[in-house]
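Novice: One structure follows; several queries about it will come next.
Every number in this text was worked out from the coordinates using simple rules, so none of it is lab data. Just so we're clear, the structure is a prediction, and the values are computed from it rather than from any experiment. Here the Cβ is made from the backbone with ideal geometry for all residues, glycine too, and neighbour counts use every protein chain on show.
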Amino acid sequence: MITGLYAASTNLDAIIHQQDAIAGNIANAGVSGHKGETVVFRSFPDIMFEQQSPYIDKTSRANHVTGRIGTGVGVDWSYMNFQPGPLEYTGVNTDLTIDGDGFFMVETANGPRLTRNSKYTIQFNEDRTQGTLVTHEGYPLLGQKGQIKFPADQDLKVDAVGNVVAGNVVVDRLQLKTVPDKNVLLPESGALFNL
């Protein structure tokens, strides 16, 4: 009976982790650039076998018999799905996207962060003479020169290679970051990631 209770409790722990991931995915479904989390389960005997026998050929697990009663399940790992969504033209000059791999860089109070957020807006200074390209949360988008600032009386465009053009003048170029191993990224609030 104790084995059955233990199996049930490990299953509940794993399902709680999965529910947390699903709740986070639902809560951020409307956040542009949010990447969903997926949880992967594995049977408890497989986890124990691997932890206690790290040098044994993993294919030998196929013949490993633990008995007839289930002994539980654990979270093997969870991962963020970084597959890009479909590209969609919005007609808004400040809606940007990266076709392929890479992240935009934004400035936060905790330092620069990565994002795939594609919706930006213009934040004007007090006398409305200068604009800064920011996320809807107010984080400035970073270019090669730092925060992307431009004269407020100029139309803003971003060309296909990331040049930020105000009127007819290139004021900056988007700072993009490629991360080969996305498993090192730490998710933060909204659609932000830290290295």
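Novice: Full extension from residue 5 to residue 144: what is 0.36 nm times the residue separation minus their Cα-Cα distance, to one decimal in nm? Intermediate values should be presented prior to the final figure.
Specialist: Values: separation 139, 0.36 × 139 = 50.04 nm, distance 5.74 nm.
Full extension of this stretch gives 44.3 nm more.
Novice: Under a cut-off of 29 Å between alpha-carbon atoms, report the lysines in cross-link reach of residue 182, not counting same-chain residues fewer than 8 places apart.
Specialist: Filter leaves 35, 58, 119, 145.
Novice: Between residue 170 and residue 90, what is 0.36 nm times their sequence separation minus the Cα-Cα distance? Round to one decimal in nm. Walk me through the numbers on the way to the answer.
Specialist: Numbers: separation 80, 0.36 × 80 = 28.80 nm, distance 2.27 nm.
26.5 nm is the gain from fully extending residue 170 to residue 90.
Novice: Still on this structure, please answer the following. Given 0.36 nm per residue, what is the gain on full extension from residue 163 to residue 130 after removing their alpha carbon distance, in nm? Before the final figure, lay out the partial values.
Specialist: On the way: separation 33, 0.36 × 33 = 11.88 nm, distance 1.81 nm.
That works out to 10.1 nm of additional length.
Novice: Just grab the label-to-label distance for residue 119 and residue 19, each label 7 Å out from Cα along the Cβ direction, in nm (one decimal).
Specialist: Going from the residue 119 label point to the residue 19 one covers 2.9 nm.
Novice: Compare the Cα positions of 187, 140, 118 along the charge dipole of the range 103-194 (+1 at Cβ of Lys, Arg; -1 at Cβ of Asp, Glu; about the Cα centre) and return the one farthest towards the positive end.
Specialist: 187
Novice: Please order 22, 98, 2, 16 by the number of other Cβ within 10 Å, starting at the fewest.
Specialist: Values: 22 14, 98 17, 2 6, 16 11.
Ascending Cβ contact count within 10 Å gives the list 2, 16, 22, 98.
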